[in-house]
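Colleague: What follows is a single structure, and I will ask about it in a moment.
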Protein chains: 2
Amino acid sequence: MSPAEEQQRIERFVAAHRESGLPVTIQRRAVFDAILDRQDHPTAEQVYRAVRQDRPQISRVTVHRILGTFVSLGLVAKTCHPGSAARFDPKTHQHPHLVCLDCGGIVDVEDPRLNRIAWPKVNPREFTIQDYHVHVRGRCRQEARARQRRPNVRRASAGIATL
Amino acid sequence: MSPAEEQQRIERFVAAHRESGLPVTIQRRAVFDAILDRQDHPTAEQVYRAVRQDRPQISRVTVHRILGTFVSLGLVAKTCHPGSAARFDPKTHQHPHLVCLDCGGIVDVEDPRLNRIAWPKVNPREFTIQDYHVHVRGRCRQEARARQRRPNVRRASAGIATL
DNA sequence: CTGCCTGCAAACGATTTGCACCAGC
DNA sequence: GCTGGTGCAAATCGTTTGCAGGCAG
């Protein structure tokens, strides 16, 4: 992310708090800094570990709460995930994800065709569509290699492959 | 589901077990029966409660394990969900889901246009695409009404709206 | 008869909640 | 100073695992 763009994101971060009357605390700054440049869609736990390097006193619970606040302010996106833990994404614009069913990894896709999908025809009284999200599922390179070495590792209840 | 179609699904259930050399146990039959006609994408817990009406001795753990097995046999689909618990779907063919961000409900969509989306251009060495899934997110009728009565209920960490 | 399955209990990871204290505005 | 945020501990929820006995093939 370019320095100018980063600066813009930080201003948006402050403005969103001002508008909602929420205080801009040290912890919120730290969490936002920690996630802003991440491309790897970290879990709350991973964000916690990153923040702790700067602020060892911060609590795991606080990181969870702050990430929740950021999501409702539209500052970060929460993406649902086949594995147990939710993933957070500093990119809030519409974009699909590649999800590896074997390792749980998530990679962004920038393919404009997938951002212009027609919305399904639904009775607007029954359901109000807000947006959509595309999960493209498969296997990443690292996992493909691992399978070549030890094929058929997968057992009935193994890993997140059960998506 | 028509009786003929249901019969076909049950045959497929038995065949899949035969092919994999897995025993067709009473419990597996019961779990399959319990989920076969469900349109509401139940959680493992909900399946457990349904099965328990027929077989009160069944264990919650067993239901989890059996659902995992069914997913890897391709007999049911597991869909990731903004809320905490995974949802199971007896419909295994490609179809998008409407997900209500307020109540967590899931409704099937049958719109052929959304089943023919072009796959993103990805280097096949980097990632092997298997399939994709579309989550259409918004608000269902019941929740829309609830909001009319008591608007702005949503707080920072409220519900699953934090997707 | 043999191996996988089931059930129990317990562990586990992710997330939420109640409460006293503290810090932004 | 007031309001809401933070940190701690503990509870909760969904799910997995280790192990002793049971059932399908």
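The values are calculated or read from the model by the stated rules, or taken from the named source; none is laboratory data. Since the structure is predicted, the reported quantities are computational estimates derived from the model, not experimental observations. In this analysis, Cβ positions are derived from the backbone assuming ideal geometry, glycine residues included, and neighbour counts consider all displayed protein chains.
Colleague: Consider A:Ser84 against the criteria (1) closer than 24 Å to A:Ile35 by Cβ; (2) within 16 Å of DNA strand D (Cβ to nearest atom); (3) in contact (Cβ under 8 Å) with a residue 12 or more places away in the chain: it satisfies all of them except one. Which criterion is unmet?
Modeller: (3)
Colleague: For region B:89-100, how many residues meet the condition of being touching a residue at least 24 places away in the same chain (Cβ under 8 Å) and either hydroxyl-bearing (Ser, Thr, Tyr) or in contact with a strand residue (DSSP E or B) (Cβ under 6 Å, 6 or more places away or on another chain) (or both)?
Modeller: Pass one, region B:89-100, residues touching a residue at least 24 places away in the same chain (Cβ under 8 Å): B:89-90, B:94, B:96-100.
This time we only want the ones that are either hydroxyl-bearing (Ser, Thr, Tyr) or in contact with a strand residue (DSSP E or B) (Cβ under 6 Å, 6 or more places away or on another chain) (or both), so: B:89, B:96-100.
The qualifying residues number 6.
Colleague: Is it true that A:Glu110 is more than 30 Å from B:Cys140 (Cβ to Cβ), at the interface with chain B (Cβ under 9 Å from one of its Cβ atoms) and either at pLDDT 90 or above or in contact with a helix residue (DSSP H, G or I) (Cβ under 7 Å, 6 or more places away or on another chain) (or both)? Please lay out each step first, then the result.
Modeller: On the way: more than 30 Å from B:Cys140 (Cβ to Cβ): yes; at the interface with chain B (Cβ under 9 Å from one of its Cβ atoms): yes; either at pLDDT 90 or above or in contact with a helix residue (DSSP H, G or I) (Cβ under 7 Å, 6 or more places away or on another chain) (or both): yes.
In short, yes.
Colleague: Kindly indicate whether B:Glu143 is more than 7 Å from chain A (Cβ to nearest Cβ) and modelled with pLDDT of 90 or more.
Modeller: Working: more than 7 Å from chain A (Cβ to nearest Cβ): yes; modelled with pLDDT of 90 or more: no.
Taking the combined requirement at face value, the residue does not satisfy it.
Colleague: Identify all residues within region A:26-47 that are in a helix (DSSP H, G or I), surrounded by 15 or more Cβ atoms within 10 Å (Cβ to Cβ) and more than 10 Å from DNA strand D (Cβ to nearest atom); write none if there are none. Break it down into steps so the answer makes sense when it comes.
Modeller: From region A:26-47, those in a helix (DSSP H, G or I) are A:26-36, A:44-47; that's our starting set.
Among the residues that remain, those that are also surrounded by 15 or more Cβ atoms within 10 Å (Cβ to Cβ) are: A:27-36, A:44, A:46-47.
Within region A:26-47, A:Phe32, A:Asp33, A:Ala34, A:Ile35, A:Leu36, A:Ala44, A:Gln46, A:Val47 meet the criteria.
Colleague: Here is a list: A:Thr69, A:Thr25, A:Thr43. Which entry is of a type in the set (Ser, Thr, Tyr), on the phi < 0 side of the Ramachandran plot and in contact with a strand residue (DSSP E or B) (Cβ under 7 Å, 6 or more places away or on another chain)? Show your work before the answer.
Modeller: Values: A:Thr69 fails: in contact with a strand residue (DSSP E or B) (Cβ under 7 Å, 6 or more places away or on another chain); A:Thr25 fails: in contact with a strand residue (DSSP E or B) (Cβ under 7 Å, 6 or more places away or on another chain).
Exactly one of A:Thr69, A:Thr25, A:Thr43 is of a type in the set (Ser, Thr, Tyr), on the phi < 0 side of the Ramachandran plot and in contact with a strand residue (DSSP E or B) (Cβ under 7 Å, 6 or more places away or on another chain), namely A:Thr43.
Colleague: For B:Val61, indicate whether it is within 20 Å of the chain's Cα centre (by Cα), aliphatic (A, V, I, L, M), near DNA strand C (Cβ under 9 Å from one of its atoms) and modelled with pLDDT of 95 or more.
Modeller: On the way: within 20 Å of the chain's Cα centre (by Cα): yes; aliphatic (A, V, I, L, M): yes; near DNA strand C (Cβ under 9 Å from one of its atoms): yes; modelled with pLDDT of 95 or more: yes.
So B:Val61 fits the description; yes.
Colleague: Would you confirm, using the coordinates I've provided, whether B:Thr92 is near DNA strand C (Cβ under 9 Å from one of its atoms) and not aromatic (Phe, Trp, Tyr)?
Modeller: On the way: near DNA strand C (Cβ under 9 Å from one of its atoms): no; not aromatic (Phe, Trp, Tyr): yes.
Here the answer is no, as B:Thr92 does not meet what is asked.
Colleague: If you don't mind, there's one more thing I want to ask. Mind listing just one residue for me: the one in region B:65-76 that is more than 12 Å from DNA strand D (Cβ to nearest atom) and surrounded by 20 or more Cβ atoms within 10 Å (Cβ to Cβ) and, of those, nearest to A:Thr128 (Cα to Cα)? Let's see the steps before the verdict.
Modeller: Quick first cut of region B:65-76, residues more than 12 Å from DNA strand D (Cβ to nearest atom) only: B:70, B:73-76.
Still in the list and also surrounded by 20 or more Cβ atoms within 10 Å (Cβ to Cβ): B:70, B:75-76.
Working: B:Phe70: 33, B:Leu75: 31, B:Val76: 28 Å.
That would be B:Val76.
Colleague: With respect to B:Arg9, determine if the residue is near DNA strand D (Cβ under 8 Å from one of its atoms) and either of a type in the set (Ser, Thr, Tyr) or modelled with pLDDT of 95 or more (or both). Write out each step before concluding.
Modeller: Working: near DNA strand D (Cβ under 8 Å from one of its atoms): no; either of a type in the set (Ser, Thr, Tyr) or modelled with pLDDT of 95 or more (or both): yes.
Criteria not met by B:Arg9.
Colleague: Test A:Lys91 against the criterion of being at pLDDT 95 or above, charged (D, E, K, R) and outside any strand (DSSP E or B), and give yes or no.
Modeller: Working: at pLDDT 95 or above: yes; charged (D, E, K, R): yes; outside any strand (DSSP E or B): yes.
The answer is yes for A:Lys91.
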